[in-house]
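> The structure that follows is given in the form of structure tokens.
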Amino acid sequence: MRAVVQRVKRASVTVGDEVVGKIDAGLCVLLGVTHTDGANEVAKTARKIAQLCLLRDSDGGDDPSKRMSAQEAGAPVLLVSQFTLYADVRKGRKPSWSHAAPGAMAEPVVEAVAAELRDVWGLRVEQGIFGEMMDVELTNDGPFTILIEV
């Protein structure tokens, strides 16, 4: 599983003309699923998203020693499925998607990560719509972007 995690001032995802997920300050997470991902990867990824100290402190400062986790800050997460994180571009000019799990396999895994963030870590989670063409807008705070791979 791969997750691109961005500390954001605000983020939203729109499908067609409808905003389907929107957060203020928190984390925007693009999540890619591969064929071998299961319950173990779901738990590890959700724990990392919830507990990594990436957010500004309660006073709005950005001292690395005082940064807070989403769990500590009670910050929301915008979770967006992103199969393109498993693009293989080593050959030719066109990406191969062979490492990305097919939709029927990936969708329950994405939903499991969202459920784990909500139910285990107590976070508010907004989402895109799996398999839809989505417009993701965000204001990155920093910029601050990391890659989680489990």
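The values are calculated or read from the model by the stated rules, or taken from the named source; none is laboratory data. Everything numeric here is computed off the predicted structure, so don't read it as measured data. When we count neighbours, we look across all protein chains shown, and the Cβ atoms used for this are built from the backbone with ideal geometry, even at glycine. Please note that ligands, DNA and RNA were not included when accessible areas were found on the heavy atoms of the full protein model with its side chains. Shrake-Rupley method; radii C 1.70, N 1.55, O 1.52, S 1.80 Å.
> Test residue 19 against the criterion of being of a type in the set (A, V, I, L, M), within 30 Å of residue 97 (Cβ to Cβ) and open to solvent by less than 30 Å² (accessible area, probe 1.4 Å), and give yes or no.
Values: of a type in the set (A, V, I, L, M): yes; within 30 Å of residue 97 (Cβ to Cβ): yes; open to solvent by less than 30 Å² (accessible area, probe 1.4 Å): no.
When the stated conditions are applied, residue 19 does not pass them.
> Could you grab the pairs with beta carbons closer than 8 Å, sequence gap of 6+ or different chains, first residue in the stretch 24-50 and more than 26 Å from residue 60 (Cβ to Cβ) and part of a strand (DSSP E or B), second one open to solvent by less than 70 Å² (accessible area, probe 1.4 Å) and β-branched (Val, Ile, Thr)?
Close Cβ pairs (under 8 Å, with a partner that is open to solvent by less than 70 Å² (accessible area, probe 1.4 Å) and β-branched (Val, Ile, Thr)) amount to 31/45; 31/80; 31/110; 31/113; 32/84.
> I'd like to know if the stretch 76-86 contains one or more residues that are surrounded by fewer than 20 Cβ atoms within 10 Å (Cβ to Cβ) and among the small types (Gly, Ala, Ser).
No, there is no match, as no residue in the stretch 76-86 is surrounded by fewer than 20 Cβ atoms within 10 Å (Cβ to Cβ) and among the small types (Gly, Ala, Ser).
> Exactly one condition in (1) among the small types (Gly, Ala, Ser); (2) part of a loop (DSSP other than H, G, I, E, B); (3) farther than 18 Å from residue 4 by Cα is not met by residue 115; state its number.
With (1) among the small types (Gly, Ala, Ser); (2) part of a loop (DSSP other than H, G, I, E, B); (3) farther than 18 Å from residue 4 by Cα applied to residue 115, the lone miss is (2).
> Please verify whether residue 53 is at pLDDT 95 or above, in contact with a Lys or Arg (Cβ under 9 Å, 6 or more places away or on another chain), outside any helix (DSSP H, G or I) and under 17 Å from residue 135 (Cα atoms), treating the condition exactly as stated. Steps first, please.
On the way: at pLDDT 95 or above: yes; in contact with a Lys or Arg (Cβ under 9 Å, 6 or more places away or on another chain): yes; outside any helix (DSSP H, G or I): yes; under 17 Å from residue 135 (Cα atoms): no.
So residue 53 fails the test.
> Name every residue in the stretch 131-149 that is open to solvent by 60 Å² or more (accessible area, probe 1.4 Å) and part of a loop (DSSP other than H, G, I, E, B), in order of residue number.
Listed by number, the residues that qualify are 131, 132, 133.
> Report whether or not residue 95 is open to solvent by 20 Å² or more (accessible area, probe 1.4 Å) and under 20 Å from residue 133 (Cα atoms).
On the way: open to solvent by 20 Å² or more (accessible area, probe 1.4 Å): yes; under 20 Å from residue 133 (Cα atoms): yes.
So residue 95 fits the description; yes.
> If I ask for residues that are open to solvent by 50 Å² or more (accessible area, probe 1.4 Å) and within 21 Å of residue 22 (Cα to Cα), which ones from the stretch 53-72 would you list?
Those that are open to solvent by 50 Å² or more (accessible area, probe 1.4 Å) and within 21 Å of residue 22 (Cα to Cα): 56, 71, 72.
> Mind checking whether some residue in the stretch 119-129 is more than 27 Å from residue 19 (Cα to Cα), out of contact with any strand residue (DSSP E or B) (no Cβ under 8 Å at 6 or more places or on another chain) and open to solvent by 60 Å² or more (accessible area, probe 1.4 Å)?
Kept after step one, since they are more than 27 Å from residue 19 (Cα to Cα), are these residues of the stretch 119-129: none.
Checked against the condition, which is being more than 27 Å from residue 19 (Cα to Cα), out of contact with any strand residue (DSSP E or B) (no Cβ under 8 Å at 6 or more places or on another chain) and open to solvent by 60 Å² or more (accessible area, probe 1.4 Å), the stretch 119-129 yields no hits at all.
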